[in-house]
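Report on one structure; see the data block that follows.
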Amino acid sequence: DAGITQSPRHKVTETGTPVTLRCHQTENHRYMYWYRQDPGHGLRLIHYSYGVKDTDKGEVSDGYSVSRSKTEDFLLTLESATSSQTSVYFCAISEALAAGEGETQYFGPGTRLLVL
Amino acid sequence: GNSVTQMEGPVTLSEEAFLTINCTYTATGYPSLFWYVQYPGEGLQLLLKATKADDKGSNKGFEATYRKETTSFHLEKGSVQVSDSAVYFCALRNNNDMRFGAGTRLTVKP
């Protein structure tokens with residue numbers, strides 16, 4: 001299994017508070033991703049990173065920001081959490097973007113976030 | 001744009017039954033196609049993949065063939081086991097865009 005950890009694994013917070021989720025990898029993969037998983041929607045990409053300090057938006061980026069100061073860590077921040085951001089958040093990593101063996105994404109165990 | 005549509009669940013089968021979960025996609029160019037599986041309380045795990053037309057991905061008795069003419073990547077298994085109970089996601093990757101289907105929950109009863 002790919003070495004990916006997420007912290008915290010569970011969090012309950014109140015509307016309007018800031019929240020930061022952490023993804024840590026030990027695989028030295030260049031690409032890292034944040035997804036949210038909601039019933040009926042599968043997984044949707046929030047943001048991704050293609051290197052240290054290099055990030056880009058995904059399909060559902062509004063209300064989220066990310067940072068990557070080291071290869072191994074990718075942080076997802078909700079500046080002011082809303083109830084619509086209650087979800088399960090998954091981090092993923094891959095070696096490459098282009099088609100081939102390296103493009104496969106490997107997923108972390110997930111963080112369950114509840115915004116009251 | 002890119003999108004994936006997969007068969008809605010839930011699907012309930014008896015052990016040793018034949019499984020098909022349908023998946024169709026919309027994409028420009030030549031995407032790679034994936035099936036992921038998610039067991040309760042866990043992240044997604046890659047089950048199989050195919051990167052070009054007519055490729056067949058296979059793993060653990062599951063198979064799927066990349067059909068460009070029908071834009072499909074249906075998942076099949078000849079004889080399911082109770083341990084196959086999980087949620088299955090079809091996905092495509094087209095350059096830096098990754099799209100997932102909504103997932104199909106499979107329950108296999110003894």
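A short reminder: the numbers here are calculations on the coordinates, not readings from a lab. Keep in mind that what you see is a predicted model, and the values were worked out from it rather than measured. All Cβ positions, even for glycine, are placed from backbone atoms using ideal geometry, and neighbour counts span all protein chains on display.
In whole Hz, with x marking every Gly and Pro, tabulate ³J(HN,Hα) for the range B:20-25 from phi via Karplus 6.51 cos²θ - 1.76 cosθ + 1.60, θ = phi - 60°.
For the range B:20-25, the Karplus curve yields 9, 10, 7, 9, 10, 9 Hz.
Determine, for each peptide in B:57-63, B:85-91, B:41-47, the mean count of other beta carbons within 10 angstrom over its residues, then list the peptides with the highest first.
Going from most to least packed, we get B:85-91, B:41-47, B:57-63.
Taking the Cα centre of the protein assembly as shown as origin, work out the dipole magnitude from +1 charges on Lys and Arg Cβ and -1 charges on Asp and Glu Cβ, in debye rounded to 20.
Using only the charged Cβ atoms, the result is roughly 200 debye.
Quick check on packing: order B:23-29, B:70-76 by the mean number of other C-beta atoms within 10 Å, highest mean leading.
Result, highest mean Cβ count within 10 Å first: B:70-76, B:23-29.
If you stretched the chain out fully between A:Thr5 and A:Asp62, how much longer would it get, using 0.36 nm times the residue separation minus the C-alpha to C-alpha distance?
18.1 nm
Take peptide B:41-54, look around each residue's Cβ out to 10 angstrom, count Cβ atoms belonging to other protein chains, and average those counts.
4
For a quick protection proxy, order the peptides A:25-37, A:68-80 by their average other-Cβ count within 10 Å, most packed first. If you can, show how the numbers build up before the last one.
Numbers: A:25-37: 20.2, A:68-80: 16.3.
Highest mean packing first, the order is A:25-37, A:68-80.
Where Lys and Arg each count +1 and Asp and Glu each count -1, what net charge lies around A:Thr55 among other residues with Cβ under 14 Å from its Cβ? Mind dumping the intermediate values first?
Values: positive: A:Arg30, A:Lys53, A:Lys57, A:Arg68, A:Lys70; negative: A:Asp54, A:Asp56, A:Asp73.
Local charge sum for A:Thr55: +2.
State which entries of A:Lys11/B:Lys52; A:Lys57/B:Lys77; B:Lys60/B:Lys109; A:Lys53/B:Lys68 exceed 29 angstrom in Cα-Cα distance in the structure shown.
From the list (A:Lys11/B:Lys52; A:Lys57/B:Lys77; B:Lys60/B:Lys109; A:Lys53/B:Lys68), the Cα-Cα distance tops 29 Å for A:Lys11/B:Lys52; A:Lys57/B:Lys77; A:Lys53/B:Lys68.
In the neighborhood of B:Gly61, defined by Cβ-to-Cβ distances under 14 Å, what is the net charge if each Lys or Arg adds +1 and each Asp or Glu adds -1?
Here the charged neighbours net out to -2.
One quarter of the convex hull surface, Cα atoms only: what value does that give for chain B in nm²?
Details: hull surface 25.8 nm².
Averaged projected area of chain B's Cα convex hull equals 6.5 nm².
From the residues A:Thr20, B:Leu44, B:Thr5, which one has its Cα farthest along the dipole of the protein assembly as shown in the positive direction, the dipole being from +1 and -1 charges on Cβ of Lys/Arg and Asp/Glu about the Cα centre?
Final value for the positive-end residue is A:Thr20.
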